[in-house]
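Visitor: Below is one structure. I have some questions about it.
The values are calculated or read from the model by the stated rules, or taken from the named source; none is laboratory data. Everything quoted here is computed from the prediction, not taken from an experiment. Neighbour counts run over all protein chains shown; Cβ positions are idealised from the backbone, glycine included.
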Amino acid sequence: MVLEGFQLAEKEEVASFHFPDLEALKKGSEIKALNTTLKRAIAQGNLEHQKARIYFADDQEDKYVETAIWGLTDYEIVLKKNVVVPIHRIVKLEI
């Protein structure tokens, strides 16, 4: 089930989105849980090509995309075709 208020975005559109510098999650426990889930998602994306539902906020609205996560840096997740989403703008990740 999709979180209320989030709009589906195509992964090809993500490259054109603008992301503010503000942190989307406020609680340290939420950020820690997200980082743990990101590590699991990266393994499943690379090994099994399993898709994840990534909820994030750009400068316009809350959105989500369903795709495999191919890479992870200290600051961004990497999707197919080197499209990136800043980790600090991710609200939730479902795998």
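Visitor: Could you check segment 15-33 and list, in sequence order, the residues that are in contact with a strand residue (DSSP E or B) (Cβ under 6 Å, 6 or more places away or on another chain) and within 12 Å of LYS92 (Cα to Cα)?
Guide: ALA24
Visitor: Those residues that are in contact (Cβ under 8 Å) with a residue 40 or more places away in the chain, surrounded by fewer than 17 Cβ atoms within 10 Å (Cβ to Cβ) and either farther than 20 Å from GLN7 by Cβ or among the acidic types (Asp, Glu) (or both), I need them from segment 42-61; list them, please.
Guide: GLN44, GLN50, ASP59, GLU61
Visitor: What's the number of the only condition in (1) at pLDDT below 90; (2) closer than 21 Å to MET1 by Cα that ASN35 fails to meet?
Guide: Tallying (1) at pLDDT below 90; (2) closer than 21 Å to MET1 by Cα, ASN35 fails exactly one: (2).
Visitor: Only residues that are in contact with a helix residue (DSSP H, G or I) (Cβ under 9 Å, 6 or more places away or on another chain), closer than 15 Å to ALA15 by Cα and part of a strand (DSSP E or B): list them for segment 47-77, please.
Guide: ILE54, PHE56, ALA57, LYS63, VAL65, GLU66, THR67, GLU76, ILE77
Visitor: Got a number for residues in segment 40-64 being acidic (Asp, Glu) and in contact with a Pro (Cβ under 9 Å, 6 or more places away or on another chain)?
Guide: Matching residues across segment 40-64 total 2.
Visitor: Could we say that LYS39 is among the charged types (D, E, K, R) and closer than 18 Å to ILE95 by Cβ here?
Guide: Considered against the rule, which asks whether it is among the charged types (D, E, K, R) and closer than 18 Å to ILE95 by Cβ, LYS39 comes out as yes.
Visitor: Right, next: Test LEU3 against the criterion of being in contact (Cβ under 8 Å) with a residue 40 or more places away in the chain, assigned to a loop (DSSP other than H, G, I, E, B) and among the hydrophobic types (A, V, I, L, M, F, W, C), and give yes or no.
Guide: For LEU3, the condition - in contact (Cβ under 8 Å) with a residue 40 or more places away in the chain, assigned to a loop (DSSP other than H, G, I, E, B) and among the hydrophobic types (A, V, I, L, M, F, W, C) - is met.
Visitor: Let me ask something else. Take LYS81 and decide whether it is in contact (Cβ under 8 Å) with a residue 24 or more places away in the chain, at positive phi and not in a loop (DSSP other than H, G, I, E, B).
Guide: For LYS81, the condition - in contact (Cβ under 8 Å) with a residue 24 or more places away in the chain, at positive phi and not in a loop (DSSP other than H, G, I, E, B) - is met.
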